[in-house]
Amino acid sequence: MRICVYGAASPTIDKKYITATEKMGEALAKRSHGLVFGAGGNGLMGAAARGFTKGGGSIIGVIPKFFDEENIEAIYDKCDELIMPETMRERKQIMEDNADAFVIVPGGIGTYEEFFEILTLKQLCRHKKPIALYNIFGYYNELNATMLSAMEKEFINDSCKELYLISDDLEEIINYIEKPNHIGYNIKDLKNG
């Protein structure tokens, strides 16, 4: 499988998140998985890529040309394939198209946006790929509380809980993304409107 990892690119992140993400990448690679990601060399993107490299996994990096031209962030230098589209929208589409599953590690605005986009697409039955939030050191506790609150208040259909996993247990994350996805929902089961 090729795993799309979304996560922070900042080089100032606490080392505990970097260490955990690097271990995740290595564990996934050792299970014969490849990586598709935003090609960043720093932060948790860089950590995931270093882990995949250490574990012997293949890596596709996808980063818009303007990131390189404007020196926005460091590009991971050990990608097996580096794709440089024109726009952020194209970047996300290429990553989604090349992924069999999604793992979201801690991140900022871009990471949240990527998670909600792939979750929305799954809710609309545009894909059935596993989505897992790796809740390293409780990073996504507040997001989880917000999602559950929105479900209680009926802004989000309760069945959407079945569309993703949130866990701080790496083995649980790996088992979840590796198992066949047999969600039998249709759009009307997941979205009122």
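The values are calculated or read from the model by the stated rules, or taken from the named source; none is laboratory data. Predicted, not measured: the structure shown is a model, and the values here were computed from it. Methodologically, a virtual Cβ is constructed for each residue, glycine included, from the backbone with ideal geometry; neighbour enumeration extends over all protein chains shown.
All of (1) modelled with pLDDT of 95 or more; (2) among the hydroxyl-bearing types (Ser, Thr, Tyr); (3) over 18 Å from Ile118 (Cβ atoms); (4) surrounded by 14 or more Cβ atoms within 10 Å (Cβ to Cβ) hold for Ser10 with one exception: (1).
Note on region 152-173: among residues that are modelled with pLDDT of 95 or more and surrounded by 15 or more Cβ atoms within 10 Å (Cβ to Cβ), the one that is nearest to Lys129 (Cα to Cα) is Tyr164. When Ala132 is tested against (1) among the aliphatic types (A, V, I, L, M); (2) modelled with pLDDT under 95; (3) touching a helix residue (DSSP H, G or I) at 6+ places or on another chain (Cβ under 6 Å), only condition (2) is not met.
Within region 45-58, the set of residues being within 14 Å of the chain's Cα centre (by Cα) and hydrophobic (A, V, I, L, M, F, W, C) comprises Met45, Ala47, Ala48, Ala49.
Enumerate the strands (runs of 3 or more DSSP E) found wholly within region 1-111, keeping only those where 3 or more residues are of a type in the set (A, V, I, L, M, F, W, C). Passing ranges, in order: 2-6, 34-37, 59-62, 101-104. Any residue that is β-branched (Val, Ile, Thr), out of contact with any Leu (no Cβ under 6 Å at 6 or more places or on another chain) and either modelled with pLDDT under 95 or in a loop (DSSP other than H, G, I, E, B) (or both) - is there at least one of those in region 140-151? There is no residue in region 140-151 that is β-branched (Val, Ile, Thr), out of contact with any Leu (no Cβ under 6 Å at 6 or more places or on another chain) and either modelled with pLDDT under 95 or in a loop (DSSP other than H, G, I, E, B) (or both).
Quick grid of which residues meet (1) touching a residue at least 12 places away in the same chain (Cβ under 8 Å); (2) among the basic types (Lys, Arg); (3) under 16 Å from Ile173 (Cβ atoms); (4) crowded, with 20+ Cβ neighbours inside 10 Å:
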| residue | (1), (2), (3), (4) |
| --- | --- |
| Asp14 | no, no, no, no |
| Tyr17 | yes, no, yes, yes |
| Arg31 | yes, yes, yes, no |
| Asn42 | yes, no, no, no |
